[in-house]
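Trainee: A single structure is presented below for examination.
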Amino acid sequence: MTDPVGEPIFELAGVRYVYNDRQVALDGIDLVVHPGEQVVLLGANGSGKSTLLKLLDGIIAPSSGRMRALGLEIASVVDGIGAFRFHRQVGLVFQDPDIQLFSATVLDDVAFGPLQLGLPAADVEARCDEALGMMEIRHLANRAPFELSGGEKKRAAIASVLSLRPDVILLDEPTAALDPRTKWVLVNLIRRLGEAGRTVITATHELDIVPVIADRVVVLGEDRRVHADGTPAAVLGNRDLLIAANLIHEHLHEHGGVRHSHPHATDESHDGLDGDDDGIPGITPDATAWTAGPPR
Ligand SMILES: Nc1ncnc2c1ncn2[C@@H]1O[C@H](COP(=O)(O)OP(=O)(O)O)[C@@H](O)[C@H]1O
Ligand SMILES: [Mg+2]
């Protein structure tokens with residue numbers, strides 16, 4: 001974990017979020033994030049990851065509890081006070097890139113934020129070139145977003161956030177529905193954002209990407225509370241924790257009357273393949289294998 005330096009970026013204490021006065025999405029979240037941390041929010045479907053990212057992005061305010069971000073009360077940011085500065089510094093990449101890409105070309109989408117800032121043309125151009133370069137999609141600048149593959153769309157959506165040069169990048173399930181090669185290309189690009197000094201907070205339920213992109217893992221349980229907050233090695237090595245948070249499941253087998261069990265990733269089928277159609281087995285029973293992480 002990064003040594004805490006300077007003021008925290010985010011400080012949440014007892015934060016609850018309730019949709020429509022009845023659907024509890026977050027139920028008492030305590031979380032402090034410092035500049036430069038690489039955090040994964042790890043949780044099963046419905047554990048509140050996207051809601052937490054929307055809070056961190058200043059789109060919604062807590063129903064109760066205290067939350068400060070970049071030294072501001074988040075409720076005032078949501079009301080527009082300090083919002084301009086806030087949204088230059090914090091950028092959210094939505095799970096669905098089609099929400100982020102709405103222009104005729106990728107370049108137009110990437111230029112949109114800088115143009116909104118009223119920057120001179122040369123600065124807009126420089127930021128677009130930088131953002132497209134970071135996502136290695138300069139060659140796609142003049143393509144229409146609907147002509148892109150899933151992975152290319154994802155990279156374009158991230159570039160459209162990077163062109164604002166945010167210090168904090170929030171990513172919602174960036175690798176969902178990508179084939180393995182595309183996924184690992186993206187994971188490495190995300191890792192580089194962190195290496196470049198940005199604070200990166202990624203929501204996912206995919207265990208295999210965690211060691212590559214995180215120095216800290218916050219586990220959200222199905223009760224929408226924080227179950228663990230520690231290093232990737234500590235969290236991924238804790239099989240009981242992962243089972244309890246529905247991130248792997250215990251699979252019982254009977255062979256010739258002998259019963260045994262081993263954990264599967266939650267989206268993994270019985271034949272040992274995970275749910276991403278890549279033909280590569282999911283999590284192994286030996287949880288310690290995760291401490292080393294996949295090849296970089
Ligand atoms: N717009 C919404 N209206 C009502 N309930 C919602 C809405 N969005 C999410 N929820 C509920 O809040 C809980 C947390 O959802 P979410 O933050 O999307 O979790 P995750 O991203 O981890 O899947 C879930 O029970 C979900 O059904
Ligand atoms: Mg979500």
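A short reminder: the numbers here are calculations on the coordinates, not readings from a lab. Everything numeric in this text was worked out from a predicted model, so none of it was measured. For neighbour counting, all protein chains shown are included, and Cβ atoms are generated from backbone atoms with ideal geometry for every residue, glycine included.
Trainee: Cα atoms only: what Rg and Dmax, in Å, come out for the stretch 70-111?
Mentor: In Å, with Rg to one decimal and Dmax whole: 13.3, 37.
Trainee: Now for a different question. Take every DSSP beta bridge with both residues inside the stretch 10-292 and express the antiparallel ones as a percent of the total, to the nearest 5. Numbers along the way, then the final one.
Mentor: Values: 28 of 47 bridges.
Roughly 60 percent of the DSSP beta bridges within the stretch 10-292 come out antiparallel.
Trainee: Work out how much length residue 115 to residue 215 would gain on full extension: take 0.36 nm times their residue separation and subtract the Cα-Cα distance, in nm to one decimal.
Mentor: Once the chain is fully extended between residue 115 and residue 215, it gains 32.6 nm.
Trainee: At what distance in nm do the modelled label points of residue 32 and residue 139 sit from each other, each positioned 7 Å from its Cα along Cα→Cβ?
Mentor: Rounded to a tenth, the inter-label distance reads 4.7 nm.
Trainee: Mind ordering 95-108, 45-58, 217-230, 151-164 by average Cβ neighbours within 10 Å, highest first?
Mentor: 151-164, 45-58, 217-230, 95-108
Trainee: Given a Förster distance of 25 angstrom, what is the FRET efficiency for residue 22 paired with residue 223, based on the Cβ-Cβ distance and rounded to 0.05?
Mentor: After rounding to 0.05, the efficiency reads 0.95.
Trainee: Right, next: With Cβ to Cβ distances under 11 Å as the rule, what net charge do the other residues near residue 107 carry (K, R +1; D, E -1)? Walk me through the numbers before you get to the answer.
Mentor: Values: positive: 138, 143; negative: 108, 109, 125, 129.
Neighbour charge sum, excluding residue 107 itself: -2.
Trainee: Then there is this: Find out how many positive minus negative residues lie around residue 193, taking Lys and Arg as positive, Asp and Glu as negative, among other residues whose Cβ is under 14 Å from that of residue 193.
Mentor: Surrounding charge for residue 193 is 0.
Trainee: So if R0 is 25 Å, what FRET efficiency would residue 130 and residue 83 give, r being the distance between their Cβ atoms, rounded to the nearest 0.05?
Mentor: 0.55
Trainee: Label residue 261 and residue 64 with points 7 Å out from Cα along Cα→Cβ: what is the distance between them in nm?
Mentor: For the pair residue 261/residue 64, the computed spacing is 3.6 nm.
Trainee: I need the semi-axes of the equivalent ellipsoid of the stretch 10-292: take the C-alpha gyration tensor, multiply each eigenvalue by 5, square-root it, list largest first in whole angstrom.
Mentor: On the way: eigenvalues 223, 118, 46 Å².
Its equivalent ellipsoid spans semi-axes of 33, 24, 15 Å.
Trainee: Taking the Cβ of residue 116 as the centre, find all other residues whose Cβ is under 14 Å away and add up their charges (Lys, Arg: +1; Asp, Glu: -1).
Mentor: +1
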